[in-house]
Structure formats: C-alpha cells, structure tokens
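Enquirer: I'd like to ask you about the structure that follows.
What follows draws every value from the coordinates through simple rules; no lab data is involved. Please read all numbers here as calculations on a predicted model, not as lab measurements. Positions of Cβ are backbone-derived with ideal geometry, glycine not excepted, and every protein chain shown enters the neighbour counts.
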C-alpha cells in the first residue's frame with residue numbers, strides 16, 4: 001500500500017503532450033514579443049487613408065506601387081532613414097505639416113546616391129467611418145496652394161490650381177452648406193490641375209492648357225538628359241556641371257500618380273513614363289518613403305536581429321533551444337525517482353542502523369553482539385531457563401551436534417567473536433545463523 005502511494009505521489013501530474021503544447025505556445029509567444037518590440041512602428045498598418053505609398057485610399061499611391069511591381073520592378077517601403085540610402089529611386093510623399101529641414105536633409109543625402117521624386121500633397125480628405133479601413137471622402141484640393149511650403153529649404157516655388165471655373169473657384173476654400181454645393185464643388189475639384197513655377201525649376205511635363213509645369217525638375221547643376229529636353233546629348237565637361245548628381249523631380253499635381261488618377265489608363269501610362277525618366281541611371285527598385293507620413297520606425301538591436309545576416313544566428317539559437325527541449329522531454333529511459341531519506345518498516349530500520357555503524361567505523365563490535373543475540377535465541381529454542389548462567393548455556397549448546405560442514409557451536413561462536421572486517425563478520429554470521437536454523441528451526 002505504501003509503495004503504491006509513493007508511486008502515485010511521484011507520477012507526473014501533466015501529460016507529455018500538454019507540456020509540449022504549453023512549451024510551444026510559450027516559445028512562439030516569446031519570439032513574437034521580441035519581434036514586436038524590435039519592429040515597433042513597422043507593424044502599424046499603412047492603410048490609414050493618407051497620401052503615401054502604403055495607402056489604398058483615393059489619395060494614396062498603392063496603385064502606383066502595384067503597377068510598378070507588375071512591370072517587374074522591385075518595390076519596398078522605407079520606415080527608417082537608413083532604408084533610403086540606396087541607389088534605388090525613392091518616391092517621397094510629404095504631408096503639409098512635414099518638416100522642410102528633414103526633407104532638405106533627405107534630398108541632400110541622396111544627391112549622389114540615387115534619384116528622388118517628391119509628390120506634393122493636393123487633397124484635403126475626411127475619413128469615412130463605418131466602412132472599410134482607409135476609405136476617405138474628397139473635400140477640397142486647396143492645400144495644393146500651401147504645398148510649396150514643404151519645399152522652402154530646397155527651392156522657392158509657387159503653385160496654382162488650373163481648370164477650375166472662376167465663378168465656383170471660391171467654393172474650394174469654403175465649407176459647403178448644402179449637398180448641392182458640395183457636389184458642385186467636388187465636380188470642380190475633380191477637374192482641377194495643379195501647376196508649379198519657380199526660378200530653379202525646369203518643366204518636365206507641361207499642362208496642355210496653360211503650358212505651366214505639372215511636373216518639374218530642380219536645376220541643381222546636374223546633367224539629366226532624360227528629364228531636361230534642353231540638356232546636351234553628351235555629358236558636358238563644363239566645370240559647373242556635376243555629372244555624378246541624381247535628379248530631384250517634383251510632381252506638383254498628385255493626381256498624376258495617386259490611386260484616383262491611375263484609374264485612367266492614359267494617366268497610368270504617363271506615370272510610368274515619369275518614373276522611367278527619373279529612374280534613368282538609378283538602381284533596380286523603387287522605394288516609397290513612409291518616414292514623412294508618421295509611419296517611421298527607429299532602428300534597434302532587436303529589429304536588426306530579425307534581418308539578414310543576423311537572422312541566421314537567431315534561427316540557429318532557436319533551433320538549439322528546440323533541440324535541448326526535445327532532449328529534455330524525450331530522454332533515454334524512464335526518469336529515476338528520488339529515494340526516501342528514511343524508509344518504512346524493519347528492513348529500512350536495519351539498513352539505516354547498518355549505515356550508521358558503517359559510517360562510525362564500529363563494524364568490529366557487531367560480531368560479539370550478534371553471537372550473544374544468537375545464543376539467547378538458541379537457548380529459548382531449547383527451552384532453557386533465562387536465569388541460567390552464560391557458561392552453563394554455552395555448555396548445553398555445545399552438546400548440540402555439529403552442522404553438515406562439521407563445525408560445532410563452539411567453533412562457530414569463536415569465529416563470530418573473532419571476526420573484525422565486514423566479509424569475515426558476514427561469513428561467520430551466515431554460518432552461525434545456518435547452524436541455529438538447521439538444528440533448532
């Protein structure tokens with residue numbers, strides 16, 4: 001009964017499968033936590049209805065990203081400044097509240113790295129609640145007139161809204177009172193075109209009606225034959241020409257590249273031509289900048305750990321942890337239960353006493369004591385009186401015939417008393433006990 005209770009108490013209360021499932025869930029959650037801490041802002045959804053490359057709203061540029069990807073172009077979204085230091089073409093979509101100094105620093109850092117396209121903001125939008133994420137309603141393109149302020153540190157420029165009926169132009173700057181006024185304003189707004197002018201700007205794409213630039217190139221002393229029709233066919237050797245510079249293209253009218261404009265096939269083809277012209281001499285891919293739209297994420301050790309080449313080391317450590325866990329769950333043979341420090345019953349008492357005597361080094365004292373114990377038992381077996389002297393008891397036991405090996409009681413008793421080491425004591429005790437059991441039971 002005690003053995004069964006001990007076995008039940010030492011049994012594992014959890015099934016191996018349940019423990020494995022708990023470990024797998026915990027390990028996966030820990031890795032996911034590390035990734036989330038490292039990624040930070042990179043996990044934010046870019047589909048927030050604003051005007052940037054990850055947005056699928058009317059004013060976003062996800063259609064341009066998808067169109068370029070279908071042409072075989074590698075598309076990436078940059079959430080930190082380090083990702084912008086590539087030779088690829090970078091498309092920057094600053095907001096009206098963007099810092100002009102940050103935009104200037106970005107452009108200057110890329111002057112000899114790769115081409116840059118800056119798409120100015122045009123539309124004021126209102127999110128549509130209760131519908132799909134990222135859906136917006138167009139309000140007015142009046143912020144296009146304020147857009148040049150983000151270029152203040154790069155170039156002095158001015159924008160105009162073309163194609164709007166002068167009679168209804170004022171409605172673009174007012175909040176409509178009725179639905180009819182709102183619809184009329186929206187019809188005018190959809191016809192609007194934005195042009196840009198400035199001292200250091202060269203026209204890349206002109207407005208058909210006015211001849212003003214809808215897409216312009218910053219004249220920074222570089223040689224850009226694919227964008228500037230007045231540029232010589234061969235690279236000039238004049239000291240003022242910097243052949244190593246890359247172009248900075250400004251798209252004043254966002255409808256030339258946003259999702260609203262790319263619904264038109266001709267506009268989509270025109271957008272690809274603008275990208276190809278700016279891309280001439282650039283890298284192999286197109287990067288949409290998200291740092292100017294509040295979707296940036298700072299670099300840290302955890303984020304680096306989940307990117308090449310360090311992701312290989314992280315994967316190796318994870319596999320090693322899984323291997324150690326597997327060895328722990330599926331080790332060779334059953335687990336050994338711990339022995340009780342104090343056992344139960346006579347056997348445990350004898351073992352405990354023997355161990356104590358052995359530790360104390362008093363084994364030589366056991367022989368005489370065991371001889372006296374066996375003499376008393378033999379006397380009781382013969383029915384001798386307990387009051388008889390020891391000598392008389394020994395004399396009567398000596399009359400008992402010897403055992404099969406011919407050893408008498410006196411010989412066995414002397415062997416028992418003279419034994420000093422463990423093997424001799426065990427052999428003498430075994431022989432004396434055998435004599436007593438054979439002769440007296």
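Enquirer: I'd like the distance between the alpha-carbon centres of the stretch 80-117 and the stretch 362-439, rounded to an integer number of Å.
Expert: What the calculation gives is 105 Å, centre to centre.
Enquirer: Among 145-154, 82-91, how do they line up by average Cβ neighbours within 10 Å per residue, starting with the highest?
Expert: 82-91, 145-154
Enquirer: Right, here's the next one. Provide 208, 102 in ascending order of the number of other Cβ atoms located within 10 Å of each residue's Cβ, fewest first.
Expert: Listing 208, 102 from fewest to most nearby Cβ atoms yields 208, 102.
Enquirer: Percent relative contact order of the stretch 44-299, based on C-alpha pairs within less than 8 angstrom and at least six residues apart?
Expert: On the way: 533 pairs, mean separation 75.9, N = 256.
Relative contact order here is 30 percent.
Enquirer: Then there is this: Can you run the Rg to Rh ratio on the stretch 44-299? Use alpha carbon positions and the Kirkwood inverse-distance Rh.
Expert: My calculation of the ratio gives 0.96.
Enquirer: Still on this structure, please answer the following. Translational D (Stokes-Einstein, µm²/s) of the stretch 346-440 at 10 °C and 1.306 mPa s when Rh comes from the Kirkwood sum over C-alpha pairs?
Expert: Calculated translational D: 112 µm²/s.
Enquirer: Would you list 410, 132 from fewest to most Cβ contacts within 10 Å?
Expert: By the 10 Å Cβ count, ascending, the order reads 132, 410.
Enquirer: How would you rank 139, 394, 233, 255, going from fewest to most other Cβ atoms within 10 Å of each one's own Cβ?
Expert: 233, 394, 139, 255
Enquirer: OK, next. Run through the DSSP bridge list for the stretch 44-299 and note the antiparallel percent, rounded to the nearest 5.
Expert: Working: 19 of 35 bridges.
Counting DSSP beta bridges with both partners in the stretch 44-299, the antiparallel share is about 55 percent.
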